[in-house]
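The values are calculated or read from the model by the stated rules, or taken from the named source; none is laboratory data. Quick caveat: nothing in here was measured; it's all calculated off a predicted structure. All Cβ positions, even for glycine, are placed from backbone atoms using ideal geometry, and neighbour counts span all protein chains on display. Just the protein is used for accessible areas: all its heavy atoms, side chains included, with ligands, DNA and RNA removed. Shrake-Rupley method; radii C 1.70, N 1.55, O 1.52, S 1.80 Å.
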Amino acid sequence: MSIFPRIALKPEVHDYLRNVFINKEVLAAVSQGEAEQRFQRLLSCLSHPPALTCVRASTHLASLEEIQHRLGEELKQQQKCDSQSEDISVTILPHPHIPDVLLLPVIGPRPVVQLTSEVIVGAQCGSAVLRGAHVFAPGILATPKFMKTGDAVSVFSDLEGKCTRGNKDFKGKKVFVGNGVAEMDRSNIFCSDEPVKGVGIRMVEPLYQSPSFDGVLPSLAFLQNLPSVVVGHVLGPRPGERILDMCAAPGGKTCHIAALMGGQGEVVALDKIRGKVERIRQNAKALHLDCIKAHCFNSIKAVCTDQAQDTEGPPFPPQSFDRVLLDAPCSGLGQRPSMVCTWNLKEICSYQPLQRKLFHTAVRLLKRGGVLVYSTCTVTLSENEEQVAWALNTFPCLTLQPQEPHIGAEGMLGAGLSPEQLRLLQRFSPELGWSAAEARGEDDTNKDTIGFFIAKFLKS
């Protein structure tokens, strides 16, 4: 059900995306009206949270049934401890097709009455609230002048990024995301000499009801979008293999790959930001996965010219890995909920050259007979289907492969790929299942996700 405005884009980005979804190949297959409707549905669904919260279960440590039971008990206990929170039963369902996924239906939008006291948070913080988070103090931009701990407040997300930190009476565009209770005085949030930490507003009546997973079963339950879990299964890691995750932070997919291998083999994780690499190591330690080797390194330079070089860390000789995951840096236009994108067209289009540089390295590092999986969390053609067409033309050694599981839609028209090639691609297109008029049912399990793209190649 659509209750928020469509995602706000710069006019040049809006027109660019519209041309993507109403291209000549699409118009040869469907009417202009159908293509336009799909594009408008995309803009609507991007500003709303998915209908299900996805949890990847650490089935290398415990059975899915045990984790499902323990998660249910933990969330019940969480509700008992939070006396001000509403008592709402939590449903936890196993995914019908993915053996290590649990799904929690999101309840919303709910009829929550707005209060007179208003707190404004940044857009990123507001999106997190819509997916079950409390408001952490660094995300708070404006509060009532005399807000004290214990005050009931309504929380709004700043739509245009115009609210200045410390504001007392913001009049700009904002969207209501729920009611909460202040955990800090205003003075502690804005007047502290040191960076403020911790929960600033505890959400008690969110517009979309979803459990907070802060500190809940950290070694057994890992919050991860459904398509991101599918990527690990599509890669198909096997015990004893050596696998490279080229752009690994924050490490969710890295840890999933290692878990699917039963901890047997080696998963090399690269990222060029040191703080993110440390987070990968922390995640690996929390999930008891000792086979992960994380390095701070620019993946574009991860292949060396010396065939005889035999080092544990990068750069690596050509053909060093059985499988490579290139979950590429991208424009991120599939992320949900996202009510505003402040990027200009130059920024949106800047990722294709970077992705191609990474692709060259990935192919060189992959063994003959090895598998390369390319994925993004965006909806553009230039970063998805066009990259596949370019890769097939640039690297004759690559062929597209069937994906298992294949629970998303096929690839989108517009890049000159054949129907057979499009069927081998997997595009999670939330707009295809999004309609304010239709009831959400079981079929939405695989449709109402973030926007995402997966391609699987074999190197001959």
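Tabulated data
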{"quantity": "Principal-axis tilt of helix 274-286 within the chain, Cα atoms, nearest 10 degrees", "calculated": "90"}
{"quantity": "Probe 1.4 Å, protein heavy atoms only - accessible area per residue of the chain in square angstrom", "calculated": "44"}
{"quantity": "Candidate aspartates and glutamates for bridging to residue 171, where Cα separation is under 20 Å - those fewer than 8 sequence places away on the same chain excluded", "calculated": "118, 158, 160"}
{"quantity": "Spatially proximal aspartates and glutamates relative to residue 285 (Cα-Cα < 16 Å; intrachain offsets below 8 disregarded)", "calculated": "266"}
{"quantity": "Given charges at Cβ of Lys, Arg, Asp, Glu: the range 1-156 dipole, positive-most of 26, 96, 49", "calculated": "26"}
{"quantity": "The range 138-180 - Rg (one decimal) and Dmax (whole number), Cα, Å", "calculated": "10.2, 29"}
{"quantity": "Packing-based ranking, highest mean first, of 113-124, 251-262 given that Cβ atoms within 10 Å are counted", "calculated": "251-262, 113-124"}
{"quantity": "Relative contact order (%) - the range 335-403, alpha-carbon pairs under 8 angstrom, separation at least six", "calculated": "29"}
{"quantity": "Cα-Cα P(r), the range 374-435, percent of pairs per 10 Å interval", "calculated": "21, 56, 20, 2, 0"}
{"quantity": "Between 0 and 90°, nearest 10: helix 11-21 axis offset from the chain longest Cα axis", "calculated": "50"}
{"quantity": "The chain - share of DSSP beta bridges that are antiparallel (%, nearest 5)", "calculated": "60"}
{"quantity": "Candidate lysines - alpha carbon under 21 Å from residue 447, same-chain residues fewer than 8 apart omitted", "calculated": "253, 456"}
{"quantity": "Label-point separation in nm, residue 97 to residue 40, each point 7 Å along Cα→Cβ", "calculated": "3.0"}
{"quantity": "Contact order relative to length of the chain, as percent, for alpha carbon pairs under 8 angstrom and 6 or more apart", "calculated": "17"}
{"quantity": "Charge context of residue 402, other residues only, Cβ under 14 angstrom, K/R +1, D/E -1", "calculated": "-1"}
{"quantity": "Gyration tensor verdict on the range 23-134 (Cα atoms; rounded if a/c is under 1.5, prolate if a/b is larger than b/c, oblate otherwise)", "calculated": "oblate"}
{"quantity": "Label point distance in nm, residue 64-residue 281, each placed 7 Å from Cα along Cα→Cβ", "calculated": "3.4"}
{"quantity": "Charge context of residue 268, other residues only, Cβ under 12 angstrom, K/R +1, D/E -1", "calculated": "-3"}
{"quantity": "Kirkwood Rh, Cα atoms: Rg over Rh of the chain", "calculated": "0.97"}
{"quantity": "Apportionment of accessible area to carbon and sulfur, the chain, percent (1.4 Å)", "calculated": "50"}
{"quantity": "Gain upon complete extension [residue 124, residue 223; 0.36 nm per residue less C-alpha separation]", "calculated": "33.9 nm"}
{"quantity": "Stokes-Einstein translational diffusion, the range 1-51 - Kirkwood Rh over all Cα pairs, 0.890 mPa s, 25 °C, in µm²/s", "calculated": "209"}
{"quantity": "Backbone N within the range 392-424 under 14 Å of label point (7 Å from residue 29 Cα along the Cβ vector)", "calculated": "409-424"}
{"quantity": "The range 334-423, Rg to Rh (Cα coordinates; Rh as Kirkwood inverse mean 1/r)", "calculated": "0.98"}
{"quantity": "Descending semi-axes in whole angstrom, ellipsoid equivalent of the range 163-250, from the Cα gyration tensor", "calculated": "39, 17, 15"}
{"quantity": "Ellipsoid semi-axes in whole angstrom, largest first, where each is sqrt(5λ) of the Cα gyration tensor of the range 109-197", "calculated": "18, 14, 13"}
{"quantity": "Pairwise FRET efficiency - residue 19 versus residue 410, Cβ, R0 = 22 Å, nearest 0.05", "calculated": "0.60"}
{"quantity": "Debye equation applied to the C-alpha atoms of the range 157-198, log10 I(q)/I(0) at 0.22, 0.28 Å⁻¹", "calculated": "-0.96, -1.12"}
{"quantity": "Filter on 145/173; 174/346; 10/145; 10/173 - keep pairs with C-alpha separation over 22 Å", "calculated": "174/346; 10/145"}
{"quantity": "Relative contact order computed over the range 1-85 (Cα-Cα under 8 Å; 6+ residues apart), in percent", "calculated": "31"}
{"quantity": "The range 238-340 - convex hull of the alpha-carbon atoms, volume per residue in Å³", "calculated": "115"}
{"quantity": "Local net charge near residue 46, Cβ-Cβ under 9 Å (Lys/Arg +1, Asp/Glu -1)", "calculated": "+1"}
{"quantity": "Beta bridge orientation in the range 1-155: antiparallel %, DSSP, nearest 5", "calculated": "80"}
{"quantity": "Directionally averaged projected area (convex hull, Cα atoms, the range 106-264), nm²", "calculated": "11.6"}
